[in-house]
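Taking it in order: structure first as structure tokens, then the write-up.
Each value in this text was obtained by applying a stated rule to the coordinates, not by laboratory testing. Bear in mind that the values here come from a model prediction, so they are computed numbers and not experimental data. So basically every Cβ, Gly included, is an ideal-geometry build from the backbone, and we count neighbours across all protein chains shown.
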Amino acid sequence: MTPDSVEASPVVTSGLTKRFRRQVAVDRIDLEVPAGAVYGFLGPNGSGKTTTIRMLLGLISPTAGEISLLGSWMPSAARTVLRRVGSLVEGPAFHPYLSGRANLARLDAADRFSDAHSSRRRIDAALDRVGLLAAADKRYRAYSLGMRQRLAIANSLLMPRDLLVLDEPTNGLDPQGTREVRHLISDLARDGATVLVSSHLLAEVDQICSHVGVMYEGRLVAQSPLSELRADAVQTVRVDTDRTEDAARVLSELGLSEIVTSPGYVTAALGEVAVEKIVPNLVSAYVPVLGFSVLQPSLEDVFVSLTGEGFDVSG
């Protein structure tokens, strides 16, 4: 961990490790979350994401390694740093018979750093930020799942936050609730917050994140801007033709791999083959090319290339 990275990035870890007796839940990971990023902390359930987040927030102690949040070393700076960090990990316990506003007032009063004189103004601002001001006086038990999750995020916004850490914020939500939370995360990032959001849903990360860290069996197997992660993945080409077997033969002779023939088209992994060679070679072999495209690797393709297996794409 370099002084420059600690200063520039809101979240930095070096060799972060957590063991539970003989089980290694998190294995020497080096996270770096850039300022202003929506960082997708991606991996299947049980890969170590939540354990990592709990260490970042000081909820559990690491077995080994170092943590810096907002340029300060943890846990020694926890008292001052965590005031600037909003989090959603297993959500606060809301009272079903209290309104959304009353629930937030109760939680705000329990925060020793909050100012009672500005409580009402800050609560209304947080409710407005997550789109719940009109439902502020409705009882919590009448809230939809999406509204409940947005109220939990509102709780993390009662004080000014430079960093938001959200653990599976759309878990259990219906499509409408998922869209609501997804839009909220994007809006918060546009307003200048750095957001670390863990998820096991590839589609969710694909839509909202600028950077990705991929966890697998306790290890951080990749970390980069999402665009770079895709660029490094193996590209796939598609040839539309009515002579699929002949097209497959030509692609094989050129050195493409993972060739799959389907009715009306053939796909193959491009590898190191120059893309501009493909169509001329097909034409020279009298294979009619009705369409040709280089397909953008999906996040699922990237994950499979990194780990050798896939996991839940959409939940």
Spatially proximal aspartates and glutamates relative to Lys49 (Cα-Cα < 15 Å; intrachain offsets below 8 disregarded):
Asp27, Asp30, Glu32, Glu90, Asp167, Glu168, Glu217
Lys, Arg +1 and Asp, Glu -1 on Cβ, resulting dipole of the chain about Cα centre, debye, nearest 20
1800 debye
Matching label, Rg and Dmax of the Cα atoms in Å computed from the structure shown, candidates (1) 23.8, 80; (2) 19.2, 58; (3) 23.3, 85
(1)
Highest GNM mean-square fluctuation among Thr13, Thr236, Thr52, for the chain with Cα springs under 10 Å, belongs to Thr236
Using amide H atoms built 1.01 Å from N in the peptide plane, name the residues 5+ places from Phe292, or on other chains, whose amide H lies under 5 Å from its own.
Asp240
For Val239, net neighbour charge (Lys/Arg +1, Asp/Glu -1) across residues whose Cβ lies under 15 Å away:
-3
When Lys and Arg each count +1 and Asp and Glu each count -1, what net charge do the other residues less than 14 Å away from Ala268, Cβ to Cβ, add up to?
-4
Under the Karplus relation 6.51 cos²θ - 1.76 cosθ + 1.60, θ = phi - 60°, what is the ordered set of whole-Hz ³J(HN,Hα) values for region 16-28, x standing for Gly and Pro?
5, 9, 9, 10, 10, 6, 8, 8, 9, 7, 9, 10, 6
May I ask which residue of Tyr140, Gln207, Pro160 lies farthest towards the positive end of the charge dipole of the chain, with charges of +1 (Lys, Arg) and -1 (Asp, Glu) on Cβ and the Cα centre as origin?
Tyr140
Built amide H within the under 5 Å cut-off of Gln235, gap 5+
Leu270, Gly271
Considering the dipole of the chain built from charges on the beta carbon (Lys and Arg +1, Asp and Glu -1) around the Cα centre, which of Ala64, Leu31, Ile123 is farthest to its positive end?
Ile123
Surrounding charge for Leu299, neighbours by C-beta under 11 angstrom, Lys/Arg +1, Asp/Glu -1, total -3
With everything on Cα atoms, drop me the angle between helix 175-190 and the longest principal axis of the chain, reported from 0 to 90° to the nearest 10.
80 degrees
Any idea what the relative contact order of the chain is, in percent, if you count C-alpha pairs under 8 Å spaced at least 6 apart?
19 percent
How much of the DSSP bridge set in the chain is antiparallel, in percent, rounded to the nearest 5?
65 percent
Computed helical MRE - 222 nm, the chain, DSSP H runs ≥ 4 contributing -39500 (n - 2.57), nearest 500:
-9500 deg cm²/dmol
Before anything else, pin down the relative contact order of region 174-257: Cα pairs under 8 Å, at least 6 apart, normalised by residue count, whole percent.
14 percent
Relative contact order (percent) for region 234-296, with alpha-carbon contacts under 8 angstrom and 6 or more residues of separation?
47 percent
I need the phi-derived Karplus couplings for region 71-86: 6.51 cos²θ - 1.76 cosθ + 1.60, θ = phi - 60°, integer Hz, Gly and Pro marked x.
x, 10, 7, 9, x, 4, 9, 4, 4, 8, 6, 5, 5, 9, 10, x
Integer Hz, Karplus 6.51/-1.76/1.60 couplings in order for region 31-42, x for Gly and Pro
7, 8, 9, x, 4, x, 7, 9, 9, x, 8, 9
Taking a cut-off of 17 Å between Cα atoms, list the aspartates and glutamates near Lys277, but don't count ones fewer than 8 places away on the same chain.
Asp240, Asp246, Glu253
Within region 155-292, what percent of beta bridges assigned by DSSP are antiparallel, to the nearest 5?
75 percent
